[in-house]
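**Q** Could you have a look at this structure, given as structure tokens, before my questions?
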Amino acid sequence: MAVKDYLRQRFFPHMWCPGCGHGTILNSLLRAIEELELEKKDIVMTSGIGCSARISGYVDFHSLHTMHGRALACATGVKLSRPHLNVIVPMGDGDALAIGGNHFIHAARRNIDITAIVMNNRIYGMTGGQFSPLSGVGIKATTAPYTTIDNNFDVVELATAAGASFVARSTAYHVKESTDILKQAIQHKGFSVVEILSQCPTHYGRKNKEGDAVSMLELHKTNTAKIGSKALEKNPVLTPRGIFVDTDKPEYCAEYEKVIAFAMKEKTS
Amino acid sequence: MALSFIDGNEAIARAAVRAGCRFFSGYPITPATTIYQQMLKLLPPLKGVCLQGEDEIASIGFCLGASMAGLKAMTATSGPGISLYSEQISFALSGEIPLVIVDVQRLGPSTGSATKGADGDIQFLRWGSSGGLPVVVLAPVDVRDCYILTMHAFNLAEQYRCPVFIASNKEIGMTRESIEIDSLDTPDLLTRKYCPEDQPYLPFQVPPGTMIPPFLPIGGSRLVRQTSSTHDPEGYITADTDIIGQVIERLDKKLVTNVDTFTFFEFDSDPDAETLLLVYGVTARAAKTAVEQMRKGGKAISLLILKTLYPVPEDFIKQCINEVKRVVVVEMNLGQYVREIERLAESQHVSHFGKMDGELISPELIQQVIAL
């Protein structure tokens, strides 16, 4: 199936700004789905609110466009009701880790088989450039005109500590790497977190003098390095990319099946 | 015919399962927790899911996901939990997602008194969502009502694709009574209407002559679109003000114009009475005793026990109050449902008695109020 067949073309042009990284990430995601030869009806794209969350409107899968921060809660209900589905949850940094932070860590703790994609552009785009829990210190935002004093979460460390059994990071520059990681994340049985660094030239780039989309994409390249690479060894301040966690742990829906089996046995005995 | 000695919370759980509920999630909170405990006993042996959320926000979110996947779902909490449900009640309204929400009310405001009853959430249930669209609120009087109204609640949620509240009270939820379940007048079970296979599926397209869009489950064989944003019949986000206005009007009318078909009540009318005592919830029990005693004393009085509080069954209430000159509303709050009666009354004098101190309103107090 061609990638364009996964899109609801009637919804285009999309609402992302010129130079936004989110469309590129959507492209990587659709190619991953295409390469996995998944059926449209077996995919539920659940999202919250924000620029990233609009993805669920653009893709021709089952789509559940919910409330700000609550995508993982609704996705959990869907997955437990129909465990055979591929539930994919694209989220922005605010959606996933500010308002949705509690659901994020608890979904990871349960290790429920959902693929969470954090499209991290370090800013709230839709509402006009407010800082997020992933902005970090010293960033200019509409709600931080004197620069931020808030520390940021490291999504990889947070997801790992919370119990996610697949944790990875890539960027909107590394499109093929993103596709490859997303394929593995979707296939992984358990809670998968893929952070993909995105760029918001409109709000973040302009305020923080990172230039236009092209120069921001350059930064994805120059500020990151693959795990195990010489570049990272030489320059450990670079942001590592790759798969950090890929472990086999009991998955929540499968464990719940055991609860049911036990309860049914108790009932009959 | 076996008698069951159960409390209101257990009756709700048993009725829910009988109504076909196969998904429950909640967060611990007194005095609603025993509903969860009962569901834990009942659901897993039926291959149902019973899940503890990280908070109330997650719990109701799980339910909405499950309902969209096609399961009948229920959650139960008390006032502080309803506060956290608010945004998702709005989503259930706009997305037309069937859901039964039990509020075992306790004395507020805020944390209040966890083990004291009140009916302080009545207007909150009606208005506690953004947009102000109508919801269904059913108010049980006793354990028997908990059972019957829960079955109706599931039917209404399925039939109208909307959230339905059961406004219980700590006193009903945690008091055991003997009931004979087999002899209860329970409704036939209804299930949401599915889109026929030979027809195209547009998620919010309403067939001519109806007000409810047919349903298909998320994750089924045909693709489903659901969104919390204003949407057109195809389920796409829209900014078209004509379409938005039509959808909102339909969401209002689908309940308000049909409330006559689900107005539950007990009306004990005395043709000689000049006074009507109007109550709901656990207060109705004291009201029955008060009316009985007053009639023994030779006073003519009518009693209306409302069990469908919202949408307000306006025509029915008007019909009842038109029989009298004076309406006395007694409720376990400082004056909430009386507001509805005041706006419906024409020539009748409406008076109110309410208190919120954690004590039930006694039959004696009701008699004193009516004698004033």
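The values are calculated or read from the model by the stated rules, or taken from the named source; none is laboratory data. This structure is a prediction, so every number in the text was calculated from the model and none was measured. Here the Cβ positions follow ideal geometry from the backbone for every residue, glycine too, while neighbour counts run over all protein chains shown.
**Q** Filter segment A:211-269 down to residues that are assigned to a helix (DSSP H, G or I), among the hydrophobic types (A, V, I, L, M, F, W, C) and under 24 Å from A:D154 (Cα atoms) and give me whichever is farthest from the other protein chains (Cβ to nearest Cβ). Working first, answer last.
**A** Taking segment A:211-269 and keeping what is assigned to a helix (DSSP H, G or I), we get A:213-222, A:230-234, A:252-268.
Adding the requirement that they be among the hydrophobic types (A, V, I, L, M, F, W, C) leaves A:213-214, A:216-217, A:219, A:231-232, A:253-254, A:259-264.
Then keep just the ones that are under 24 Å from A:D154 (Cα atoms); that gives A:213, A:216-217, A:219, A:231-232.
On the way: A:A213: 25, A:M216: 28, A:L217: 29, A:L219: 32, A:A231: 39, A:L232: 35 Å.
The residue in question is A:A231.
**Q** So, one more: B:T77 - would you say it is free of Cβ contacts under 8 Å to residues at least 60 places away in the same chain, surrounded by fewer than 24 Cβ atoms within 10 Å (Cβ to Cβ) and of a type in the set (S, T, N, Q)? Working first, answer last.
**A** Details: free of Cβ contacts under 8 Å to residues at least 60 places away in the same chain: yes; surrounded by fewer than 24 Cβ atoms within 10 Å (Cβ to Cβ): no; of a type in the set (S, T, N, Q): yes.
Spelling it out, it is not the case that B:T77 is free of Cβ contacts under 8 Å to residues at least 60 places away in the same chain, surrounded by fewer than 24 Cβ atoms within 10 Å (Cβ to Cβ) and of a type in the set (S, T, N, Q).
**Q** Considering only residues that are within 27 Å of B:K170 (Cβ to Cβ) and over 22 Å from the mean Cα position of the chain (by Cα), which ones fall in segment B:238-287? Write out each step before concluding.
**A** First pass over segment B:238-287, keeping only residues within 27 Å of B:K170 (Cβ to Cβ): B:262-268, B:277-287.
Correct list: B:D268 only.
**Q** Is it the case that some residue within segment A:16-34 is within 14 Å of chain B (Cβ to nearest Cβ), at pLDDT 95 or above, under 14 Å from the mean Cα position of the chain (by Cα) and under 19 Å from B:G219 (Cβ atoms)?
**A** no
**Q** What about B:P213, is it under 19 Å from B:L133 (Cα atoms), touching a Leu at 6+ places or on another chain (Cβ under 9 Å) and more than 14 Å from chain A (Cβ to nearest Cβ)?
**A** Working: under 19 Å from B:L133 (Cα atoms): yes; touching a Leu at 6+ places or on another chain (Cβ under 9 Å): yes; more than 14 Å from chain A (Cβ to nearest Cβ): yes.
The answer is yes for B:P213.
**Q** Can you tell me which residue among A:M91, A:M119 is touching a Pro at 6+ places or on another chain (Cβ under 7 Å), outside any helix (DSSP H, G or I), modelled with pLDDT of 95 or more and more than 10 Å from every other protein chain (Cβ to nearest Cβ)? Steps first, please.
**A** On the way: A:M91 fails: touching a Pro at 6+ places or on another chain (Cβ under 7 Å).
After ruling out the rest, the residue left standing is A:M119.
**Q** Now for a different question. For segment A:225-269, give me each residue that is among the basic types (K, R) and surrounded by 16 or more Cβ atoms within 10 Å (Cβ to Cβ). Can you show your working first?
**A** Step one: list which residues in segment A:225-269 are among the basic types (K, R), which gives A:226, A:230, A:234, A:241, A:249, A:258, A:265, A:267.
Result: A:R241, single match.
**Q** Considering only residues that are among the β-branched types (V, I, T) and more than 7 Å from every other protein chain (Cβ to nearest Cβ), which ones fall in segment A:53-87? Before you say what the answer is, go through the steps one by one.
**A** Going through segment A:53-87, the residues among the β-branched types (V, I, T) turn out to be A:55, A:59, A:66, A:76, A:78, A:87.
Within segment A:53-87, A:I55, A:V59, A:V87 meet the criteria.
**Q** Kindly evaluate B:P207 against the criterion of being under 28 Å from B:G128 (Cβ atoms) and either buried (at least 24 other Cβ atoms within 10 Å of the Cβ) or over 21 Å from the mean Cα position of the chain (by Cα) (or both).
**A** Values: under 28 Å from B:G128 (Cβ atoms): no; either buried (at least 24 other Cβ atoms within 10 Å of the Cβ) or over 21 Å from the mean Cα position of the chain (by Cα) (or both): yes.
So B:P207 fails the test.
**Q** When only residues in segment A:128-183 that are of a type in the set (V, I, T) and in a helix (DSSP H, G or I) count, which is nearest to A:S198 (Cα to Cα)?
**A** Step one: of segment A:128-183, the residues of a type in the set (V, I, T) are A:137, A:139, A:142-143, A:147-149, A:155-156, A:160, A:167, A:171, A:175, A:179, A:181.
With the extra rule that they be in a helix (DSSP H, G or I), the set shrinks to A:155-156, A:160, A:175, A:179, A:181.
Numbers: A:V155: 14, A:V156: 15, A:T160: 21, A:V175: 11, A:T179: 14, A:I181: 15 Å.
Here the residue is A:V175.
**Q** If you don't mind, another one. Counting just the residues of segment A:165-203 that are of a type in the set (S, T, Y) and out of contact with any helix residue (DSSP H, G or I) (no Cβ under 8 Å at 6 or more places or on another chain), which one comes out surrounded by the fewest Cβ atoms within 10 Å (Cβ to Cβ)?
**A** A:T202
**Q** Could you grab me the full set of residues in segment B:55-81 that are of a type in the set (S, T, Y) and either away from chain A (no Cβ under 11 Å) or part of a helix (DSSP H, G or I) (or both)?
**A** Let us first name the residues in segment B:55-81 that are of a type in the set (S, T, Y), namely B:59, B:67, B:75, B:77-78.
B:S59, B:S67, B:T77, B:S78 - these are the residues of segment B:55-81 that are of a type in the set (S, T, Y) and either away from chain A (no Cβ under 11 Å) or part of a helix (DSSP H, G or I) (or both).
**Q** Name the residues in segment A:173-212 that are under 19 Å from the mean Cα position of the chain (by Cα) and either over 19 Å from A:T239 (Cβ atoms) or modelled with pLDDT under 95 (or both), would you?
**A** Hits for segment A:173-212 are A:T179, A:K183, A:Q184, A:I186, A:Q187, A:H188, A:K189, A:G190, A:F191, A:S192.
**Q** Would you say B:F24 is crowded, with 24+ Cβ neighbours inside 10 Å, assigned to a strand (DSSP E or B) and assigned by TED's automatic domain parsing to the domain that holds B:Q159?
**A** Working: crowded, with 24+ Cβ neighbours inside 10 Å: yes; assigned to a strand (DSSP E or B): yes; assigned by TED's automatic domain parsing to the domain that holds B:Q159: yes.
So B:F24 passes the test.
**Q** Counting only residues that are free of Cβ contacts under 8 Å to residues at least 40 places away in the same chain, more than 7 Å from chain A (Cβ to nearest Cβ) and part of a helix (DSSP H, G or I), which one in segment B:35-54 is surrounded by the most Cβ atoms within 10 Å (Cβ to Cβ)?
**A** Out of the qualifying residues, it is B:M39.
**Q** Only helices (runs of 4 or more DSSP H) wholly contained in segment B:96-177 count here; list those with 2 or more residues that are more than 19 Å from B:E331 (Cα to Cα) and assigned by TED's automatic domain parsing to the domain that holds B:T34. If you could, list the steps in order and put the result at the bottom.
**A** Working: elements: B:122-127, B:143-160, B:170-173.
Output list reads B:143-160.
**Q** Here's a follow-up. Could you tell me how many of the residues in segment A:38-60 are assigned to a loop (DSSP other than H, G, I, E, B), touching a helix residue (DSSP H, G or I) at 6+ places or on another chain (Cβ under 7 Å) and surrounded by fewer than 24 Cβ atoms within 10 Å (Cβ to Cβ)?
**A** Of segment A:38-60, the ones assigned to a loop (DSSP other than H, G, I, E, B) are A:38-39, A:48-51, A:60.
From the residues that got through so far, the ones that are touching a helix residue (DSSP H, G or I) at 6+ places or on another chain (Cβ under 7 Å) too are A:48-51, A:60.
Then keep just the ones that are surrounded by fewer than 24 Cβ atoms within 10 Å (Cβ to Cβ); that gives A:60.
Counting residues in segment A:38-60 that are assigned to a loop (DSSP other than H, G, I, E, B), touching a helix residue (DSSP H, G or I) at 6+ places or on another chain (Cβ under 7 Å) and surrounded by fewer than 24 Cβ atoms within 10 Å (Cβ to Cβ) gives 1.
**Q** Could I ask something else about it? Search segment A:35-47 for residues being under 15 Å from the mean Cα position of the chain (by Cα) and more than 9 Å from chain B (Cβ to nearest Cβ), and hand back the single one that is farthest from A:Q199 (Cα to Cα). Spell out the reasoning first.
**A** At the first step, the residues of segment A:35-47 found to be under 15 Å from the mean Cα position of the chain (by Cα) are A:44-47.
When the remaining residues are screened for being more than 9 Å from chain B (Cβ to nearest Cβ), the result is A:45, A:47.
Details: A:M45: 22, A:S47: 19 Å.
Applying the filter and picking the extreme gives A:M45.
**Q** So A:P13 fits all but one of (1) of a type outside the set (S, T, N, Q); (2) in contact (Cβ under 8 Å) with a residue 24 or more places away in the chain; (3) more than 8 Å from chain B (Cβ to nearest Cβ); (4) farther than 21 Å from A:Q187 by Cα; what number is the exception?
**A** Here A:P13 meets the rest and fails (2).
**Q** May I ask you to list the residues in segment B:223-268 that are surrounded by fewer than 17 Cβ atoms within 10 Å (Cβ to Cβ), without any contact (Cβ under 8 Å) to a residue 60 or more places away in the chain, more than 14 Å from chain A (Cβ to nearest Cβ) and among the aliphatic types (A, V, I, L, M)?
**A** Hits for segment B:223-268 are B:I243, B:I244.
**Q** Does at least one position in segment B:101-116 carry a residue that is in contact (Cβ under 8 Å) with a residue 12 or more places away in the chain and within 13 Å of chain A (Cβ to nearest Cβ)?
**A** no
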